[in-house]
Structure formats: structure tokens, C-alpha cells
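The values are calculated or read from the model by the stated rules, or taken from the named source; none is laboratory data. Since this is a predicted model, take the numbers as computed values, not measurements. Quick reminder, even Gly has a Cβ in these numbers, built from the backbone with ideal geometry, and neighbours come from all protein chains shown. Just so you know, the surface numbers come from the protein's heavy atoms only, side chains and all, with ligands and any DNA or RNA stripped out. Shrake-Rupley method; radii C 1.70, N 1.55, O 1.52, S 1.80 Å.
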Amino acid sequence: IRPFYFRQGDIPVYAHKRVVKSLKKRFEYVFAKKNRYPGAPEVKTHRIKKNVPFKLKDLSVIPINGKHANLQVFGFRFKEFAYLTDMKTVSNKEIEKIKHVKVLVINALRIKPHQSHFNLEEALDFIEKVKPKKAYLTHISHMLGFHEDVEKSLPENVFLAYDQLQITV
């Protein structure tokens, strides 16, 4: 994050309490108050809490609680855009928070089931529950198949995401 820090100053970090604790342990030099490493970036942490929306400048962000195997993780809703990657399960209560968004981005790792990620079938079932206008599959592996072949098998409002994809909502 140094190049960003040198360009813009303090880096805001939004994360669950568990993640902030881990970052402070792993990157102690970034959070040090005394004897700071020269050139260490400054970060400003903002703890995300379940069911508590927060602001990014003027944008309201709604955290969506999910599970990556047994690990609690967050996805996010930004107006009519929902971004949930690296998840395996999401409760019906949390799904209600994102129903009928214009755009949903969700992970679909591969065809076969996986312990901590949606596979293609699970992702498509999840998309059917949410009913977005469009959905993009991300966090995909080579085990999903070739891009063109997979896209042909998807519903007409579901697409594979790709590097440098730009989405307008």
C-alpha cells in the first residue's frame, strides 16, 4: 500500500475486528506508534460491525454477513450493486438485504462442490434467490472451464467476470 500512501496519505481500512487484529499482528510496523519504520504507510482503521451500515464518503455501505466455510466474512451492498465473493453460505435474512439489486457479483469457484466457496450450481441457485437484473461470476478457477463454453451455459442475465471488467450501474 506504500505507493497509494505516498500519493494520497493515510489509507482507510474497513474491516471486521478479527481482521484488524490480524493486520496489526502481521504488519506491526504499519501500526507502530514508536520507532516507526521509515516510509511505513499510515492506515486509519474503521471496524465493520454486523448489521451496521457505514459511510465511504457520501456512499452508504451495507455489510452482508456470510460464511467462508466456518469463518465469518462480509460482502457489501452499495446502492443497487452487491459484491459478495469468497463465500459459501448466506442466510435468508442477509439475502433480503440484496434482493432485486441491479448488479450482483458473486463467487463461483468451479463445477465440483467446495468447502468454502460457491460452486457454479450453488452460485446460480443464489442468483435465483436474489433475482438481480444482472449477475457476474468471479473468484473462478480454471476448473470452471473455458470462458466461452461456460458463458454459453449460463442464464441470459449471468456473465463471467474478467480482469479489467467495468460495470456501470
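Computed over protein heavy atoms with a 1.4 Å probe, the accessible surface of the chain works out to 67 Å² per residue. Heavy-atom accessible area with a 1.4 Å probe sorts H100, H147, H117, H142, largest first, into H142, H100, H147, H117. Among the GluC sites (Glu not before Pro) in the range 80-159, those located in a DSSP loop and surrounded by at most 13 other Cβ atoms within 10 Å of their own Cβ are E156. Restricting the range 1-48 to trypsin sites (Lys or Arg not before Pro) that sit in a DSSP loop and have at most 16 other Cβ atoms within 10 Å of their own Cβ leaves K33, K34, R36. The loop-placed trypsin sites (Lys or Arg not before Pro) in the range 112-169, going by DSSP, that have at most 16 neighbouring Cβ atoms within 10 Å of their Cβ come out as K133.
By accessible area, using a 1.4 Å probe on protein heavy atoms only, the range 1-65 has 54% of its surface on carbon and sulfur.
Counted over all Cα-Cα pairs of the chain, pairs farther apart than 25 Å make up 42 percent. Under a point spin-label approximation (7 Å from Cα along Cα-to-Cβ), what is the D125-K17 distance to one decimal in nm? Using points 7 Å along Cα→Cβ, the separation is 3.3 nm.
Computed from Cα atoms, the angle from the helix 17-26 axis to the main principal axis of the chain rounds to 60 degrees. Multiplying the residue separation of E148 and Q72 by 0.36 nm and removing their Cα-Cα distance gives an extension gain of 24.0 nm. Across the range 53-122, Cα pairs under 8 Å and at least six residues apart give a relative contact order of 26 percent. Ligands, DNA and RNA left out, the accessible area of the range 111-169 computed with a 1.4 Å probe is 50% carbon and sulfur. Report, in debye and to the nearest 20, how large the dipole of the range 1-72 comes out about its Cα centre when Lys and Arg carry +1 and Asp and Glu carry -1 on their Cβ. Dipole about the Cα centre, nearest 20: 320 debye.
Bridges between two residues of the chain, per DSSP, are antiparallel at a rate of about 45%.
When the residues D125, D163 are ordered by accessible surface, computed with a 1.4 Å probe over the protein chains alone, the sequence from largest down reads D163, D125.
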